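The values are calculated or read from the model by the stated rules, or taken from the named source; none is laboratory data. Values in this document were obtained by computation on a predicted structure and should not be read as measured data. Here the Cβ positions follow ideal geometry from the backbone for every residue, glycine too, while neighbour counts run over all protein chains shown.
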Amino acid sequence: MAMFLIRRFGIMLLTALCLTFIVFFLTNLTPNLEKLARSEGSVRMSDAQVASWLENNGYAQPLIVRYGQWLGAMPGWTKEIDGETTGRCITAAMPAADAPRFCGVLQGNWGQSTVFKRPVSEILGRALGATGWLMLWVMIIMVPSALTLGVLAGMREGSRTDRVLSTVAIATTATPEYVSGVILIVVLASATAGISPILADWGWIEGRTLFQGTATSAMDEITFWNFGLPVITVALYGMGYIARMTRASMTEVMTAQYIRTARLKGVSFRQVVIRHALRNALIAPFTVIMLQFPWLLNGVVIVETLFNYKGFGWTLVQGAGNNDIELLLSCSVVAVVVVLVTQLISDIGYAFLNPRIRIS
Amino acid sequence: MSKTEWDPSQPILEITNLSISFFTRLREIPAVMDFSCTVMAGEAMGLVGESGCGKSTVALAVMRDLGKNGKIVAGTIKFKGRDLTTMGEEELRQLRGSEIAMIYQEPMASLNPAMTVGAQLAEVPMIHEGMSKTDAWALARQIVADVRLPDPDRIVNAYPHQLSGGQQQRIVIAMALMSKPALLILDEPTTALDVTVEAGIVDLVKDLGKKYGTSMLFISHNLGLVLDVCNRLCVMYSGEAVETGNVAEVFDKMRHPYTQALFRSIPLPTADKNSRPLVAIPGNFPLPHERPKGCNFGPRCDYFEAGRCDAGPVPMGDTGGDRHASRCVKFAEIDWNAPLAAVKTTERTPVGEVVLKMEDLRKYYEVSGGSLFGGGAQKVVKANETLSFEAREGETLAIVGESGCGKSTFAKVLMGLETATSGKIFLYNQDIQDTPIEKRAVDTVSSVQMVFQNPFDTLNPSMTVGRQIIRALEIFGEGNSDEERRNRMLELMDLVKLPREFADRMPRQLSGGQKQRVGIARAFAGGAKIVVADEPVSALDVSVQAAVTDLLMEIQRKNRTTLLFISHDLSIVRYLADRVMVMYLGHVVELGTTDQVFSPPYHPYTEALLSAVPIADTRVIKKRIVLEGDIPSAMNPPPGCPFQTRCRWKDQVPNGLCDREVPPVKHLATGHQIKCHLSDDILTEMEPVITIAAE
């Protein structure tokens, strides 16, 4: 087990290095850097001034050197201009004399966001916290309902229950978040349309709408009212997909010979499903659920922008829209880590569910 | 929960005029028609027939588990006097597992892979008798010991995949016995197992039947097994029972032409490929919606009489024996003792010069620790050890052994799918052991060909049969034009006795036997000199086996091909082989002519193997030798003699020689060699395993 984990971590590190290098390369293309120089320096800079700005701020070094510095594996650049020492690790708060030689991601220095004018680590920490809550609630809603849906549909293939539930699952997974989100806002979060006015008339809800159309206030305090819609929007999309997977796996298991054995042992249908079929049927969807995490990051980008919830997805959009190189790089590192870690959990969990596979 | 009260003098199971149909969107497909049988207390009833004859459907009908499409359309099934066909789901649930239990064909698939063996066993008394969990587990442990599994404490906590096939089947049997059922249904319980393991299971089933007084419904296609296990027998053909009666009576005084034809098509010890060949049943099994009018067997029957046999439904008629009935209008008229007319006898083919020679061939595989995620120490699987033999032109050499003995590895090395670790293979004095098949010359490839075990998987499903044979001809460089190759393909179709119009059919439109004929045609496309037939008939039905074997023999006679016949079925080997090579754990333990191998002195493993094969002949008297335990893993073979862990002669060898040294090859008579430490005196005193009582 330890050996397996060590090896897996090694491979993960290598993958992370390759992926971040690719992102680093793409975000550090020359046009991006020139744009950066103009936005940081002055919009009216001449080409020569841009070149010298890049030179003075360490962007003229070879790509691989800059990547090493960003990573913290190579010493940060220093330069003396007019008797004043500047460098990667030297800031207003950190004079040249005290500055460390290395200051990259490995040292915990994620750089400075050019949009928010604050350290990336601070912004990202806040954003991830916010998105974490969103993901948590999405998982709490999505996984149990998807599994229930899938198992109910799959236990009697071709029955009326199966057809109805399958239709629901296909409909939700075929509706992208930017469609379902808008529909949900109109139906549930509008004071003039949908069902909210009706409910308010009947006196069933205190406020004017059932849900709030923006989730900004959820940054401070999560309530059913302000957080319901974003969670439902993300959950619906993933739920259909997982439910379909569960159903397929469940129908397959229900035709297996050991299910017949159980039935002909006199086990009741309920017990056949719960004791014999369920664990076997959950092996396949488990990997799918784990793969949903990276997918959720995807959905989060749309949903957070739609509901103005300042989480990871919203930050990513801001970073990308404003050529914030350091922020974008950090976002990609986080995304890569999330993908790799969920993969690892998925592999380990798979071995626990399936006794035929044992990690040695 | 109390069990049904019932008078023991009445039948346990009484099926009367049962008809079952499956309903598809297109039509109703009758699977079983007008089936009746009675099982008394303590009786074992055998249901025999080829695949698709409806025997499993009857079993599932007794369990009332026919699926969504299956329905009982007529008749009754009475269990202890209660009609099962009208019973509700809840009542049925109380019977299932507690009073009627079932044992299945594939033990691996019948056990839940995600539950421990103990949990699956303990469930039965917990449901039916409301037993506490601790008591149920204690009972499970005791029953596991009862089915003669070693180390029950370890086994109840194991998962099914950690057990061998034989052990898994014992667990399924244990599960069926957990609540001491009155009726046990066994659906081909040993088909997926090796013969020596099968013998152990059959012994166990018989003993348990006696011990608990359980009645049995034993479904099998193997007549020898039925003779071994059952008191009574019901032969089924195309959805109908055609003959039923006492086992001995049906075997010796059969009163239905199908039963007779069946017995003539299976290789009994008295059959011989030259003087008394098998008689295949002509034609094919009718599809359920294409059954003829009148007698279903009519079109394939030698005694068919137009106007009588195809007039209308044939009822069961009592023959006057011990509850012996036959579904034949002519059973009273046919002279059942008449000798088989016009047997085609052939000359024994002389063998030619040596075409294939193996010297000290070894094949080792290196495998990693055996876990999914790699790691662990490298292990060596010794699949073949010092294999030496030669095969001559026109000869049939049978290679016999149970799964894991290395017979398929040997075939792969010969074919060039693997290269040998050491040793030599000479094909016409040209050594080919190190040449993988991609590097072999076209004529080498075309002269060594293979017929595969499973004809269902080895034909390309999206290419016509003719196209596949032409493709083989193209690869072998036969023929100069497409026209020429097409003609050659049609000739090959004639050779394997398939109608020429089959060339344009897809493999799915062919039956198993026909597909295997295509496989044979493909193997012989390039004029093969050596054909490796890897269990070519084991996936086929009994009546088809004879025809395919016959075909192989005939082509061999014509082309003077060397046939390497790999099989685990000793009956068929005795019938067609000239020489036999017995393998165990990669070693050749015995090699000699068929007569030498099948008569004493034997290698102890050959002896056990011979004793394990069920023979469908009431005159045969067999010595019962049941091997303990399973075949050791090739990854971890025992030291010394590979067979020492299961050998019953081991204590006859002094000084524990068997534990320490691999026995040397001992030459007994011309061409007869065995690998054993036993002294010559003991070997000569060995008694024959099979004797045939005088007629």
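Quick look at the values:
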item	result
So B:Lys68, is it within 9 Å of chain A (Cβ to nearest Cβ), more than 30 Å from the chain's Cα centre (by Cα) and modelled with pLDDT under 90	yes
Checking A:Tyr237 against (1) touching a Lys or Arg at 6+ places or on another chain (Cβ under 6 Å); (2) more than 14 Å from chain B (Cβ to nearest Cβ), the condition it does not meet	(1)
Filter result for B:Pro125 (within 13 Å of chain A (Cβ to nearest Cβ), surrounded by 19 or more Cβ atoms within 10 Å (Cβ to Cβ), under 15 Å from A:Val267 (Cβ atoms) and not small (Gly, Ala, Ser))	yes
Test for B:Arg93: is it at the interface with chain A (Cβ under 7 Å from one of its Cβ atoms) and either among the aromatic types (Phe, Trp, Tyr) or over 30 Å from A:Tyr350 (Cβ atoms) (or both)	yes
Residue that is assigned to a helix (DSSP H, G or I), under 34 Å from the mean Cα position of the chain (by Cα) and either in contact (Cβ under 8 Å) with a residue 12 or more places away in the chain or surrounded by 14 or more Cβ atoms within 10 Å (Cβ to Cβ) (or both), where the choices are B:Leu459, B:Leu473	B:Leu473
Qualifying position, being in contact with a Cys (Cβ under 8 Å, 6 or more places away or on another chain) and at pLDDT 85 or above, among A:Leu134, A:Leu124	A:Leu124
Options A:Ala277, A:Ala281: the member that is more than 27 Å from A:Met135 (Cα to Cα), within 12 Å of chain B (Cβ to nearest Cβ) and in contact (Cβ under 8 Å) with a residue 12 or more places away in the chain	A:Ala277
A:Tyr258 of a type in the set (Ser, Thr, Tyr), more than 14 Å from the chain's Cα centre (by Cα), modelled with pLDDT of 85 or more and in a helix (DSSP H, G or I)	yes
All positions within the stretch B:538-566 that are assigned to a loop (DSSP other than H, G, I, E, B) and either of a type in the set (S, T, N, Q) or closer than 15 Å to B:Arg348 by Cα (or both)	B:Ser538, B:Arg560, B:Thr561
The one condition in (1) buried (at least 18 other Cβ atoms within 10 Å of the Cβ); (2) touching a residue at least 60 places away in the same chain (Cβ under 8 Å); (3) away from chain B (no Cβ under 14 Å) that A:Leu316 fails to fulfil	(2)
Pairs with Cβ under 6 Å, 6+ apart, first in the stretch A:167-191 and closer than 19 Å to A:Phe224 by Cβ, second surrounded by fewer than 17 Cβ atoms within 10 Å (Cβ to Cβ) and not small (Gly, Ala, Ser)	A:Ala191/A:Arg208
Matching helices (runs of 4 or more DSSP H) fully within the stretch A:1-93 where at least 1 residues are basic (Lys, Arg)	A:2-27, A:30-40, A:63-71
Conditions (1) closer than 16 Å to B:Ile530 by Cα; (2) out of contact with any Ser or Thr (no Cβ under 6 Å at 6 or more places or on another chain); (3) assigned to a loop (DSSP other than H, G, I, E, B): number failed by B:Thr444	(3)
Counted residues, the stretch B:140-151 - those being in contact with a Pro (Cβ under 6 Å, 6 or more places away or on another chain) and crowded, with 18+ Cβ neighbours inside 10 Å	2
Scope the stretch B:59-94; condition free of Cβ contacts under 8 Å to residues at least 60 places away in the same chain and crowded, with 18+ Cβ neighbours inside 10 Å; matching residues	B:Leu60, B:Ala61, B:Arg64, B:Gly70, B:Ile72, B:Leu84, B:Arg93
Residue match in the stretch A:107-117 (condition: modelled with pLDDT under 85, more than 30 Å from the chain's Cα centre (by Cα) and either closer than 24 Å to A:Asn322 by Cα or outside the structural domain of A:Trp314 (by TED's automatic domain parsing) (or both))	no
Single residue of B:Gln120, B:Gln169 found to be farther than 19 Å from B:Ser98 by Cβ and within 13 Å of chain A (Cβ to nearest Cβ)	B:Gln169
First in the stretch A:258-271 and within 7 Å of chain B (Cβ to nearest Cβ) and more than 16 Å from B:Leu95 (Cβ to Cβ), second anywhere and part of a loop (DSSP other than H, G, I, E, B) and not aromatic (Phe, Trp, Tyr), Cβ under 7 Å, 6 or more apart	A:Tyr258/B:Leu111; A:Tyr258/B:Asn112
B:Gly423 vs. criteria on the phi > 0 side of the Ramachandran plot, buried (at least 20 other Cβ atoms within 10 Å of the Cβ) and touching a strand residue (DSSP E or B) at 6+ places or on another chain (Cβ under 9 Å)	no
Only listed residue being out of contact with any strand residue (DSSP E or B) (no Cβ under 8 Å at 6 or more places or on another chain) and over 30 Å from B:Thr319 (Cα atoms), chosen from B:Arg170, B:Arg264	B:Arg170
Count of residues meeting criterion [in a loop (DSSP other than H, G, I, E, B) and either more than 31 Å from the chain's Cα centre (by Cα) or facing chain A (nearest Cβ under 8 Å) (or both)] in the stretch B:96-115	9
Members of the stretch A:140-156 found to be crowded, with 17+ Cβ neighbours inside 10 Å and within 14 Å of chain B (Cβ to nearest Cβ), listed by number	A:Met155
Test result for B:Gly46, surrounded by 22 or more Cβ atoms within 10 Å (Cβ to Cβ) and within 25 Å of the chain's Cα centre (by Cα)	yes
Among the residues listed as B:Glu607, B:Glu590, the single one being among the acidic types (Asp, Glu), assigned to a strand (DSSP E or B), at pLDDT 85 or above and under 28 Å from B:Val381 (Cβ atoms)	B:Glu590
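The rows are residues; the columns are (1) among the polar types (S, T, N, Q); (2) under 25 Å from B:Arg579 (Cβ atoms); (3) crowded, with 19+ Cβ neighbours inside 10 Å.
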site: B:Gly629; (1), (2), (3): no, no, no
site: B:Trp649; (1), (2), (3): no, yes, yes
site: B:Pro654; (1), (2), (3): no, no, no
site: B:Val662; (1), (2), (3): no, yes, no
site: B:Ser679; (1), (2), (3): yes, no, no
